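A short write-up of the structure that comes next.
The values are calculated or read from the model by the stated rules, or taken from the named source; none is laboratory data. It should be emphasised that the depicted structure is a prediction, and the values quoted were computed from it without experimental measurement. Cβ coordinates were reconstructed from backbone atoms using ideal geometry, including for glycine residues, and neighbour counts include every protein chain displayed.
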Amino acid sequence: MSQYKHVALIGLGLLASSISLAMRRADMAARITGTARSKETQETALEIGLVDAVFDTAAEAVKGADLVILCVPVGVMGAIAEEIAPHLSEGCTVSDVGSVKRAVAEAIRPHMPDGVHLIPAHPMAGTEKSGPEAGFASLFDNRWLLITPLPESDHTAVKRLVDFWTTLGSNVEIMEIEHHDLVAAVISHTPHLIAYTMVGVADGMNRVAKTEVVNYSAAGFRDFTRIAASDPTMWRDVFLNNKDATLEVLGRFTEELFALQRAIRLGDGDFLFDYFTRTRDIRRSIIDAGQDTEAADFGRTKSEK
Ligand code: NAP
């Protein structure tokens, strides 16, 4: 399977910079072009060698590319697709790394010209950091990359994209698009919302001083604050665009929370013990699957680099 010769990265933040670094690490020969919204990001990306050439507009950045990856917040994917459409090469693949798939596919699809392959994708890898200097080459190593092809997606083009992500270190899975959004709501979107809420609660508690929240923060709360420090634009767009699945999972979450609340009120220690035993098993399974380690600081060392 031939590799891509020219990859255009639209948006040059955490995901795009990690793609570029992982491509370089794998000695992919492809030319990399890119664009970002601000001059500052454009200049940094060029300076640190993420791209061979940077452009002021996405339209210019995609010219001649055989793979275009949209690495921008979910809410602007449609506008960018519209902008680049007339400049895409015949036969090129347009993909993305957006955390939501149905809404993104619907936003991009109407703009895609005949002869261009639209193949949405989502790396299940990330950190709370943003920007061109946040990326690292190993971000995708042994992490899952979910590809959600559309009914019209060309098999050869899908296979080529699978090979690309495998070379970057990912395990690749093909998933039905609606199912992706539900899975993402369970394992990523709702947990983020809960972390945002808990940090918001601590911030709004006027009987506990802000200095106490900061100085005495326990490990669990610190983990919540790390998640709740994620990019506000990205996460606003995720919730606005994965509304149904997030609301479904939140409904389930609230029911469970009430059950735990009731057990605490009634002093039902057995219920709490059994519940926490079940959740501990999930943690064990994640470690056994190689998706985390026992080390208490897993992931942070890299993201704090
Ligand atoms: P990021 O670090 O904040 O980077 C976003 C990039 O998009 C920046 O370069 C920004 O430019 C650019 N951008 C924003 N609006 C733009 C516009 N209108 N036109 C052109 N460029 C624009 O974000 P990220 O974490 O890489 O996330 C990118 C995508 O990956 C999102 O769709 C997100 O849902 C998805 N994702 C993120 C994670 C994660 O953990 N972060 C994981 C999986 C998937 P400026 O720097 O100039 O503002």
Of the listed residues (Glu248, Glu212), the one being touching a residue at least 40 places away in the same chain (Cβ under 8 Å), more than 15 Å from the ligand (Cβ to nearest atom) and either surrounded by 11 or more Cβ atoms within 10 Å (Cβ to Cβ) or part of a loop (DSSP other than H, G, I, E, B) (or both) is Glu248
On the basis of being β-branched (Val, Ile, Thr), out of contact with any Asp or Glu (no Cβ under 7 Å at 6 or more places or on another chain) and modelled with pLDDT of 95 or more, does Ile119 make the cut? yes
Among the residues of the stretch 181-209, the number that are assigned to a helix (DSSP H, G or I) and farther than 23 Å from Gly98 by Cβ is 8
In the set Ser217, Ser230, the lone residue that is outside any helix (DSSP H, G or I), within 13 Å of the ligand (Cβ to nearest atom) and modelled with pLDDT under 95 is Ser230
Given the conditions (1) part of a loop (DSSP other than H, G, I, E, B); (2) more than 22 Å from Glu43 (Cα to Cα), every one holds for Leu161 apart from (1)
Margin query: Being assigned by TED's automatic domain parsing to the domain that holds Leu15 and in a loop (DSSP other than H, G, I, E, B) is the requirement here; does Gly78 meet it?
Written below: no
(1) hydrophobic (A, V, I, L, M, F, W, C); (2) over 11 Å from Ile10 (Cα atoms); (3) part of a helix (DSSP H, G or I) all hold for Met28 apart from (3)
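In this structure, does Val104 turn out to be at pLDDT 95 or above and near the ligand (Cβ under 10 Å from one of its atoms)? Before you say what the answer is, go through the steps one by one.
Numbers: at pLDDT 95 or above: yes; near the ligand (Cβ under 10 Å from one of its atoms): yes.
So Val104 fits the description; yes.
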Residue pairs within 6 Å by beta carbon, gap of at least six or interchain, first lying in the stretch 276-297 and surrounded by 10 or more Cβ atoms within 10 Å (Cβ to Cβ), second among the aliphatic types (A, V, I, L, M), listed first then second, are Asp292/Ile286
Scanning the stretch 38-71 residue by residue, those in contact (Cβ under 8 Å) with a residue 12 or more places away in the chain, part of a loop (DSSP other than H, G, I, E, B), within 14 Å of the ligand (Cβ to nearest atom) and not aromatic (Phe, Trp, Tyr) turn out to be Ile48, Leu50, Val51, Asp56, Thr57, Val62, Cys71
Expected single match for under 16 Å from Val97 (Cα atoms) and either surrounded by fewer than 22 Cβ atoms within 10 Å (Cβ to Cβ) or of a type in the set (Gly, Ala, Ser) (or both) among Leu14, Leu21, Leu70 is Leu21
Log entry, pairs with first residue in the stretch 74-90 being within 14 Å of Thr57 (Cβ to Cβ) and within 11 Å of the ligand (Cβ to nearest atom), second being in a helix (DSSP H, G or I) and among the acidic types (Asp, Glu), beta carbons closer than 9 Å, six or more apart or on different chains, reads Val76/Asp237
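Every residue, every condition in (1) surrounded by fewer than 17 Cβ atoms within 10 Å (Cβ to Cβ); (2) within 15 Å of the ligand (Cβ to nearest atom), yes or no:
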{"residue": "Ser153", "(1), (2)": "no, no"}
{"residue": "Thr156", "(1), (2)": "yes, no"}
{"residue": "Trp165", "(1), (2)": "no, yes"}
{"residue": "Gly169", "(1), (2)": "no, yes"}
{"residue": "Met205", "(1), (2)": "yes, no"}
